[in-house]
Amino acid sequence: MSRVSIIILSWNGKDLLHDCLLSVLSQSYQDLEVLVVDNGSSDGTAEMLEADFPRVRLLRQQSNRGFCAGNNIAIEECSGELLLLLNNDAELDRCFVETMVAAADEYPETGMFAARVMMFDRREVFDSTGLLVYPDGICRSRGWLEKDLGQYDRDEEVLGPNGCAAVYRREMLDDVGLFDEAYFAYLEDLDLVLRGQLRGWSCRYVAAATVYHKKSMTSGYHSAFKAFLVERNRIWNALKLFPRRILFLSAFYTLARYLGQAFAAFSGRGISSNFARDYSHLELVGILIRAYASAFARLPEIIRARRDIQLRRKLSTAEVYRLMQRYRLPVAELAFKD
């Protein structure tokens, strides 16, 4: 049985996966097992793994099960005390696992560990140093698109890890549960992080654990499918996890976000301008309608999940408010950053 299990999900990303695995198998720390979940790829991914990476355990699926179900399958199959969930479009620094294991040993009560995630093609620019949360259920990475000036060189507590390279202690997952498979993909990391935080599991950012990320190579950075999933899943996050007062106010925060994004699109700034360029107003409205319809179709189940989560939480209401204020994402970041 290995101390660390590395889980990589892949769907039609053979070349990305190949480079990712080279970085994984060349780690300075070798007490690890590597599992790849192939989500029904048609590009020869499984054959490449069997030929080039016999050490890797392949969990082959007949169809695309999504990020959540795919990772859950591997989590239930693996044996590690520490689980690294890694995107196939990410590559690890050689000492990444060794650094994370040392942090886990130093902080045995910590349930999650966040990495220093840098842009693959601009290695002086941050992708993520943990998560920030907006009060309507959306999250974005701390440090996103910032140039590295030493501002994130210190280890510290953060809200949670970005899902592209996240380390979870198995004990925490046994306590709070796995990914909600209805999400399919996107914002599922925030859901798991907040469930962990509410149960008293903190997250530590480990500045020396570096990973390089090729952003949104599978689904596309500005895809309509991604926009639908993000808008739907953030509603579930708010309904399941937020204190009542923030939940009541979340509609106003959403309106502020929509207005900010509309202004950004009009002025040609931020991710909204790219959507406005690629999709008509009618198409954008259609995405929102489908997202809300899909979100509220699951309302009875979400209410039951909220009841269970809130009954089991260890943080007081005041502590939850402080947590969300400490790691709050400004609306300007959502509207005007790409």
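Tabulated data for the structure shown
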quantity: Within region 296-338, tally of residues that are touching a strand residue (DSSP E or B) at 6+ places or on another chain (Cβ under 7 Å) and either more than 22 Å from Trp201 (Cα to Cα) or charged (D, E, K, R) (or both); calculated: 3
quantity: Residue in region 35-53 that is assigned to a strand (DSSP E or B), of a type in the set (D, E, K, R) and within 22 Å of Tyr186 (Cβ to Cβ) present; calculated: yes
quantity: Answer from Asp174, Asp148, Asp153, Asp191 - the residue that is out of contact with any Gly (no Cβ under 8 Å at 6 or more places or on another chain), surrounded by fewer than 22 Cβ atoms within 10 Å (Cβ to Cβ) and under 23 Å from Arg313 (Cα atoms); calculated: Asp174
quantity: Matching entry among Ala182, Ala207 (being under 30 Å from Arg154 (Cβ atoms), modelled with pLDDT of 95 or more and assigned by TED's automatic domain parsing to the domain that holds Arg116); calculated: Ala207
quantity: Qualifying residue in region 174-196 (condition: more than 15 Å from the chain's Cα centre (by Cα), in a strand (DSSP E or B), of a type outside the set (Lys, Arg) and farther than 26 Å from Ala297 by Cα); calculated: no
quantity: Flag for Cys203 being touching a His at 6+ places or on another chain (Cβ under 7 Å) and either of a type in the set (Ser, Thr, Tyr) or closer than 14 Å to Phe113 by Cα (or both); calculated: no
quantity: Selected residue (only one of Val285, Val230 is over 27 Å from Gln197 (Cα atoms), part of a helix (DSSP H, G or I) and outside the structural domain of Tyr186 (by TED's automatic domain parsing)); calculated: Val285
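The values are calculated or read from the model by the stated rules, or taken from the named source; none is laboratory data. Values in this document were obtained by computation on a predicted structure and should not be read as measured data. Reconstructed Cβ throughout: ideal geometry from the backbone, glycine too, with neighbour counts over all protein chains shown.
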